[in-house]
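Below is one structure, written out as structure tokens, with a few remarks after it.
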Amino acid sequence: MFGLEKKDLNLLIIVALLTMLAPFILNPFPTDSALAQFNAGYPDLMQRFVIYGIFAIGFNILFGLTGYLSFGHAAFLGVGSYSAVWMFKLLSMNVLPALVLSVIIAGAFSWLIGFISLRRTGIYFSILTLAFAQMSFALAYSVLTPITNGETGLQITLDDPRILGMSATADGSIPVTNIFGLEMRAATDLVIGPWSFTFSVGYYLCALVMLVAFYLSIRIFRSPFGMMLRAIKSNQTRMNYTGLNPKPYTLAAFVISGMYAGLAGGLLACMDPLAGAERMQWTASGEVVLMTILGGAGTLIGPVLGAGMIKYFENIFSKINEATLHSWFDVLPDPMENGLVWVLEHFVGAGWHLTLGVIFMLVVTFLPGGLVEGGQRIGRLFNRTKAAKDDESAATKPAE
Amino acid sequence: MDAILLQIFNGLDKGSAYALIALGLTLIFGTLGVVNFAHGALFMIGAFCSVTLQRLLTLSHETLDPTKLDFLGNPSKIKTPYIVEWFGADAGNTIIDWSVPLAILFAIPIMLAIGYVMERGLIKHFYKRPHADQILVTFGLAIVLQELVKHYYGANPIQTPAPDALSGVMQILPGVVYPAWRVVYFCFSLAIIGGVFAFLQFTTFGMVVRAGMADRETVGLLGIDIDRRFTLMFGIAASVAGLAGVMYGPINAPNYHMGMDFLVLSFVVVVVGGMGSLPGAVLAGFLLGILESFASMREIITLIPGINQIIIYLVAIVILLVRPRGLMGRKGVME
């Protein structure tokens, strides 16, 4: 089905189920229980899970397949956001034209940057992309203020033209983003006993877009084009000798991943119609690198996992404070409790970046394949005993 | 004419910070072949060394003064630093006043130790891994260091004032006055750069290190433990960054993300100068500093708005495209 192999189809179905049922899965604790702070099933956060998932999927097409480490992808995210907000200002509050424009503009922008940056490889490429992103950030912050509204960030106002829509609603407020009349922030609550689940239009739109993006990335991974990209990663010189020019393939991968980033930026603007320059800062580029590596670069599901993990940490871990920790370890004797809390309080609350940095270092050092490789290793650990019993001679090793 | 002179001074001054950081980065890259994204964090730690020393020196105990009352009617508390108590008011206050220059002595052993631990504990395991992995793990380390500093020192900038004698202005040329501390910073950086070059050029140790940079394997075959020397070079590079940070405190109050701000720029500097070339890094540092300060002149900004923000990146892009090895890069290094 969909031109996928059985294994990939299963993966797609699993991801589809997970995203569609996310409001249930992420809300396992009753609303007023003590563990409710671990619930992540509110629309705002779920939207960010899938949007950054899209961003990381796109980044993975470049980094995971071709091995080119770009440190400037946030620039495309920012450009996508700006173009979407401009669409809301000029055309209408419908998200569809905004998304289309943000993908196109980000694609054009990434073609420009990619065309220049891809003349160099390795660390030079990383630094060129970093330089471009910092330049865009600096420009968006200062000179391009008429387009980007500088420090304040681009917002929609009451006196925007909105040719196809209306400048203000009947009661004089700013109209909200919608898709053919269905408001993004509309949500229904489902209350079952002590549990409460929220289903929002915005989340499901993002989730659908992410599924399409994920499907496309599977197709790219399995296509001859994807094979070419892998060839670039493994040995570009050899590829040259066989008479293939790697440049157009790398550029295509760069533009595709830039368009993914633009799509993510556009979706961010659809959920909350404002765009600021800080979205383009290089720390934001660093974040998507973290997500991809943490999940597993070069794997299909890895970037989505990584994005989910990091956004979950960001929102849940940063809410825990010292008092919460004390209440958890109440049962321990006092000196032990205090010691444990002293250690742990570095890692929670405002210190969640520390947790992120430590985990990231551990992953890069010991588990270069990210969470996916970790999962595979654990899986192999359990399977080994079974496999050993079956028949060892039957195992075949692929030739290198 | 004065305006141009002033811009050149501004540029040399900005450039000296870039040059110092880029020098350390290049030292690490040239010896160990590691791309160190945590170098900015080392710069920041250096700045916080002087914050720490300042706090240590001003440790004080409180005494009650019954003759004066505070606004609540209680006897007011007077803080006396221990230093003042031990050395007397004059000498004590002078020591506190000179805490930033004193922090140089304080920072060198700390930075050497940090560099040593970092190299032996982490970087050592990444020599055989691709450059992307090195970038990633040092990037992670930079986040960790930055967050630790933020946790203990807070997110706000902390003032580390220059000594009174050096905090005013100085007449450098007839008719041109300039902040004294910036002149000090420039001279200091020249001294450090000169020191590093002299160390590499005129000592036996430096000779071995240079030989190792040229051909590590042969030096190893000659029975020299080159790894140990390279570890020490990492420590030296860390202290160069740290000292740059210590002295930078009075110019810009240290905050936890100052390293990240400098890191991107100093990488650009290294690339422009040529990966692995020490003179290139220094030259590019000063050149880019001067370019940046000329670009921030009012006449030029009105001509091309925003140019001061992007000039360095623009130059870097042009250089990378037309002269991929950088200004003074050697053949065969990172190509």
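So is A:Val372 among the hydrophobic types (A, V, I, L, M, F, W, C), more than 30 Å from A:Leu290 (Cβ to Cβ) and modelled with pLDDT of 75 or more or not?
Numbers: among the hydrophobic types (A, V, I, L, M, F, W, C): yes; more than 30 Å from A:Leu290 (Cβ to Cβ): no; modelled with pLDDT of 75 or more: yes.
So A:Val372 does not fit the description; no.
Filtered by the rule that a residue be at the interface with chain A (Cβ under 10 Å from one of its Cβ atoms), within 30 Å of B:Leu57 (Cα to Cα) and touching a residue at least 24 places away in the same chain (Cβ under 8 Å), region B:103-146 gives B:Leu141, B:Ala142, B:Leu145, B:Gln146. Listed by first and then second residue, the pairs linking a residue in region B:240-266 that is at positive phi to a residue that is open to solvent by 10 Å² or more (accessible area, probe 1.4 Å), with Cβ atoms under 8 Å apart and 6 or more places separating them unless they lie on different chains, form an empty list. Any idea which residue in region A:352-372 is farthest from the other protein chains (Cβ to nearest Cβ), counting only those that are among the small types (Gly, Ala, Ser) and buried (at least 19 other Cβ atoms within 10 Å of the Cβ)? The qualifying residue farthest from the other protein chains (Cβ to nearest Cβ) is A:Gly370.
Determine whether B:Gly206 is over 30 Å from B:Gln54 (Cβ atoms) and not in a helix (DSSP H, G or I). Can you show your working first?
Values: over 30 Å from B:Gln54 (Cβ atoms): yes; not in a helix (DSSP H, G or I): no.
So B:Gly206 does not fit the description; no.
Filter region A:185-216 down to the residues that are within 23 Å of A:Leu4 (Cα to Cα) and either in contact with a Ser or Thr (Cβ under 8 Å, 6 or more places away or on another chain) or not in a helix (DSSP H, G or I) (or both) and list them by number.
Of the residues in region A:185-216, the ones within 23 Å of A:Leu4 (Cα to Cα) are A:206-216.
Of everything in region A:185-216, those that are within 23 Å of A:Leu4 (Cα to Cα) and either in contact with a Ser or Thr (Cβ under 8 Å, 6 or more places away or on another chain) or not in a helix (DSSP H, G or I) (or both) turn out to be A:Ala207, A:Met210, A:Leu211.
The numbered conditions (1) open to solvent by less than 30 Å² (accessible area, probe 1.4 Å); (2) in a loop (DSSP other than H, G, I, E, B); (3) at pLDDT 85 or above; (4) not hydrophobic (A, V, I, L, M, F, W, C) are all true for A:Gly243 except (1).
Every condition in (1) within 11 Å of another protein chain (Cβ to nearest Cβ); (2) surrounded by 21 or more Cβ atoms within 10 Å (Cβ to Cβ) is met by B:Gly306 except one, and the failing one is (2).
When A:Asp189 is tested against (1) at pLDDT 90 or above; (2) over 21 Å from A:Gly80 (Cα atoms); (3) open to solvent by 60 Å² or more (accessible area, probe 1.4 Å), exactly one condition is not met: (1). Residues in region A:74-127 that are of a type in the set (Phe, Trp, Tyr) and touching a residue at least 60 places away in the same chain (Cβ under 8 Å) were compared, and the one that is most open to solvent (accessible area, probe 1.4 Å) is A:Trp111. Quick one: would you say A:Leu65 is within 30 Å of A:Ser167 (Cβ to Cβ), in contact with a Lys or Arg (Cβ under 7 Å, 6 or more places away or on another chain), in contact (Cβ under 8 Å) with a residue 24 or more places away in the chain and assigned to a helix (DSSP H, G or I)? Considered against the rule, which asks whether it is within 30 Å of A:Ser167 (Cβ to Cβ), in contact with a Lys or Arg (Cβ under 7 Å, 6 or more places away or on another chain), in contact (Cβ under 8 Å) with a residue 24 or more places away in the chain and assigned to a helix (DSSP H, G or I), A:Leu65 comes out as no. Residues considered: A:Leu35, A:Leu18. Of these, the only one that is within 30 Å of A:Gly78 (Cβ to Cβ), without any contact (Cβ under 8 Å) to a residue 60 or more places away in the chain, open to solvent by 40 Å² or more (accessible area, probe 1.4 Å) and part of a helix (DSSP H, G or I) is A:Leu18.
Out of all the residues in region B:25-82, which are out of contact with any helix residue (DSSP H, G or I) (no Cβ under 9 Å at 6 or more places or on another chain) and aromatic (Phe, Trp, Tyr)? Listed by number, the list holds a single entry, B:Phe71.
Got a sec? Which of A:Ala307, A:Ala264, A:Ala269, A:Ala277 is over 13 Å from the mean Cα position of the chain (by Cα) and within 14 Å of A:Phe55 (Cβ to Cβ)?
Values: A:Ala307 fails: over 13 Å from the mean Cα position of the chain (by Cα); A:Ala264 fails: over 13 Å from the mean Cα position of the chain (by Cα); A:Ala277 fails: within 14 Å of A:Phe55 (Cβ to Cβ).
Exactly one of A:Ala307, A:Ala264, A:Ala269, A:Ala277 is over 13 Å from the mean Cα position of the chain (by Cα) and within 14 Å of A:Phe55 (Cβ to Cβ), namely A:Ala269.
Applying the condition of being of a type outside the set (Val, Ile, Thr) and in a strand (DSSP E or B) to region A:167-184 and asking which residue is least open to solvent (accessible area, probe 1.4 Å) yields A:Asn178.
Considering A:Leu263, A:Leu251, which residue is touching a helix residue (DSSP H, G or I) at 6+ places or on another chain (Cβ under 6 Å), touching a residue at least 12 places away in the same chain (Cβ under 8 Å) and crowded, with 22+ Cβ neighbours inside 10 Å? Just a single option satisfies the conditions, and that option is A:Leu263. Looking at A:Ala231, is it more than 30 Å from A:Gly153 (Cβ to Cβ), surrounded by fewer than 24 Cβ atoms within 10 Å (Cβ to Cβ) and in contact (Cβ under 8 Å) with a residue 24 or more places away in the chain? Considered against the rule, which asks whether it is more than 30 Å from A:Gly153 (Cβ to Cβ), surrounded by fewer than 24 Cβ atoms within 10 Å (Cβ to Cβ) and in contact (Cβ under 8 Å) with a residue 24 or more places away in the chain, A:Ala231 comes out as no.
Out of B:Ala107, B:Ala47, B:Ala41, B:Ala113, I need the residue that is under 20 Å from B:Leu145 (Cα atoms), surrounded by fewer than 14 Cβ atoms within 10 Å (Cβ to Cβ) and under 27 Å from the mean Cα position of the chain (by Cα). Which one? Before the answer, list the steps.
Details: B:Ala107 fails: surrounded by fewer than 14 Cβ atoms within 10 Å (Cβ to Cβ); B:Ala47 fails: surrounded by fewer than 14 Cβ atoms within 10 Å (Cβ to Cβ); B:Ala41 fails: surrounded by fewer than 14 Cβ atoms within 10 Å (Cβ to Cβ).
Within the list B:Ala107, B:Ala47, B:Ala41, B:Ala113, the selection yields B:Ala113.
The listed residues are B:Gly235, B:Gly289, B:Gly326, B:Gly259, and the only one of them that is over 28 Å from A:Leu144 (Cα atoms), under 21 Å from the mean Cα position of the chain (by Cα) and open to solvent by less than 10 Å² (accessible area, probe 1.4 Å) turns out to be B:Gly235. Among the residues making up region A:297-318, those that are of a type in the set (S, T, N, Q) and more than 14 Å from chain B (Cβ to nearest Cβ) are A:Thr299, A:Asn315.
Within region A:319-351, if we keep just the residues that are within 14 Å of chain B (Cβ to nearest Cβ) and open to solvent by 50 Å² or more (accessible area, probe 1.4 Å), the residue that is farthest from the chain's Cα centre (by Cα) turns out to be A:Trp342.
Against the test of being away from chain A (no Cβ under 11 Å) and in contact with a helix residue (DSSP H, G or I) (Cβ under 6 Å, 6 or more places away or on another chain), the options B:Met328, B:Met260 yield a single qualifying residue, B:Met328. Has region B:129-150 got any residue that is within 18 Å of B:Val34 (Cβ to Cβ), at pLDDT 85 or above, open to solvent by 50 Å² or more (accessible area, probe 1.4 Å) and not in a loop (DSSP other than H, G, I, E, B)? So far as region B:129-150 goes, no, none of its residues is within 18 Å of B:Val34 (Cβ to Cβ), at pLDDT 85 or above, open to solvent by 50 Å² or more (accessible area, probe 1.4 Å) and not in a loop (DSSP other than H, G, I, E, B). Whenever a residue of region A:282-296 is touching a residue at least 12 places away in the same chain (Cβ under 8 Å) and more than 10 Å from every other protein chain (Cβ to nearest Cβ), its partners that are open to solvent by less than 10 Å² (accessible area, probe 1.4 Å) and among the β-branched types (Val, Ile, Thr), lying with C-beta atoms within less than 6 angstrom and at least six residues away or across chains, give the pairs A:Met291/A:Ile310.
Is region A:134-153 home to any residue that is open to solvent by 10 Å² or more (accessible area, probe 1.4 Å), within 17 Å of A:Gly80 (Cβ to Cβ), away from chain B (no Cβ under 14 Å) and over 23 Å from the mean Cα position of the chain (by Cα)? For region A:134-153, residues open to solvent by 10 Å² or more (accessible area, probe 1.4 Å), within 17 Å of A:Gly80 (Cβ to Cβ), away from chain B (no Cβ under 14 Å) and over 23 Å from the mean Cα position of the chain (by Cα): present.
The values are calculated or read from the model by the stated rules, or taken from the named source; none is laboratory data. Values in this document were obtained by computation on a predicted structure and should not be read as measured data. Neighbour counts run over all protein chains shown; Cβ positions are idealised from the backbone, glycine included. We work out accessible area using only protein heavy atoms, side chains counted, and drop any ligands, DNA or RNA first. Shrake-Rupley method; radii C 1.70, N 1.55, O 1.52, S 1.80 Å.
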